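Written out below as structure tokens is the structure these notes cover.
The values are calculated or read from the model by the stated rules, or taken from the named source; none is laboratory data. For clarity, every value in this text was computed on a predicted model and none was experimentally measured. Ideal geometry is used to build each Cβ from the backbone, glycine not excepted, and the neighbour counts take in all protein chains shown. Ligands, DNA and RNA are excluded from the accessible area calculation, which covers all protein heavy atoms including side chains. Shrake-Rupley method; radii C 1.70, N 1.55, O 1.52, S 1.80 Å.
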Amino acid sequence: EVIKVKSMATQEIGLNEHLESQGVRAYETDLAELIVQLADDKPSHILVPAIHRNRDEIREIFLKEIPGVDPELNAVPAELAAAARAYLREKFMTTKVAISGANFGIAETGTLSVVESEGNGRMCLTLPDTLITVMGIEKVLPRYEDLEVFFQLLPRSSTGERMNPYTSLWTGVTPGDGPQEFHLVLLDNGRTAALADSVGREALNCIRCSACLNVCPVYERAGGHAYGSTYPGPIGAVLTPQL
Ligand code: SF4
């Protein structure tokens, strides 16, 4: 078993499906990703992957798929979140390996960062013995101080928040604290070729804030699934053909 923090890079390479074929069960721990996974569904938005599901559907999914869930569960957001929390807490406490994506990597220091809003990322990044991070090479920033810009840019563009709720940073391992084994997988998957394209390379500047989805009339009408790709919306239409 492995626990996972929301990662588009691992979706891009079909990692969960591959792990399943090798007898490894991957548990998504982001609430929306959990809903999508339990329903055997696909994400439909970069930031809010289960936006196509309403609370009644989520209740049905939980009743069917979460072992031991209270049959009296109501379609009330707080109750649904509590049911997911109880289910996930047990996974956090017992699973030895976690797989994460990364929002940013720092070339100068070897530091990685995950930006999330539920605390599930913090749990995945600190509790297991082993952490494996899969990161697209375009996520690398030159210097530590560059984070200052991106930590302001990302939450303001994606959720309109002044700052992000849970921001985790780690640099290798620390004896006696957090995972004691760490692996970083740098994912190319077409990115070097995109970088060599003087026009196409601009797509690699994307920080996955999803602002372009939220204002796109095509996305609004068609929904994320219509793009048939890990990256929906306007940026997906530009990025996916290059990967
Ligand atoms: S293309 Fe721009 S607006 Fe769209 S998700 Fe990427 S960074 Fe955000």
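Per residue, how many Å² of accessible area does the chain show with a 1.4 Å probe?
51 Å²
In deg cm²/dmol and to the nearest 500, what is the mean residue ellipticity at 222 nm of the chain if only DSSP H runs of at least 4 residues count, each as -39500 (n - 2.57), divided by the residue total?
Using -39500 (n - 2.57) per qualifying helix, the result is -10000 deg cm²/dmol.
Work through the residues other than residue 225 whose Cβ is under 13 Å from its Cβ and net out their charges, Lys, Arg +1 and Asp, Glu -1.
+2
Roughly speaking, to the nearest percent, how much of the range 2-242's 1.4 Å accessible area is carbon and sulfur?
Carbon-and-sulfur percentage of accessible area, whole number: 54.
Could you point to the residue in 167, 11, 204 farthest towards the positive end of the chain's charge dipole, with +1 and -1 charges on the Cβ of Lys/Arg and Asp/Glu respectively?
204
Could you pull out every one of the aspartates and glutamates with an alpha carbon less than 14 Å from that of residue 139, ignoring same-chain neighbours closer than 8 positions?
Those aspartates and glutamates meeting the cut-off are 108, 188, 202.
Among 171-181, 5-15, how do they line up by average Cβ neighbours within 10 Å per residue, starting with the highest?
Answer by packing, highest mean first, reads 5-15, 171-181.
Could I get the Rg over Rh figure for the range 83-199? Both from C-alpha atoms, Rh via Kirkwood, rounded to two places.
Checking Rg against Rh, the ratio lands at 1.00.
Compute the separation of the alpha-carbon centres of the range 190-243 and the range 105-144 and state it in Å as a whole number.
22 Å
Just need the relative contact order of the chain here, percent rounded to a whole number, with Cα pairs under 8 Å and 6+ apart.
Worked out over the chain, it gives 20 percent.
With both bridge residues required to lie in the chain, what share of the DSSP beta bridges run antiparallel, to the nearest 5%?
Antiparallel bridges: around 30 percent, rounded to the nearest 5.
In terms of Cα to Cα distance under 27 Å, which lysines are near enough to residue 91, apart from those fewer than 8 places away along the same chain?
By straight Cα distance, residue 91 reaches 4, 6, 42, 64.
Considering the range 2-242, what Rg and Dmax in Å follow from its alpha-carbon atoms?
When restricted to Cα atoms, the range 2-242 yields Rg and Dmax of 17.9, 57 Å.
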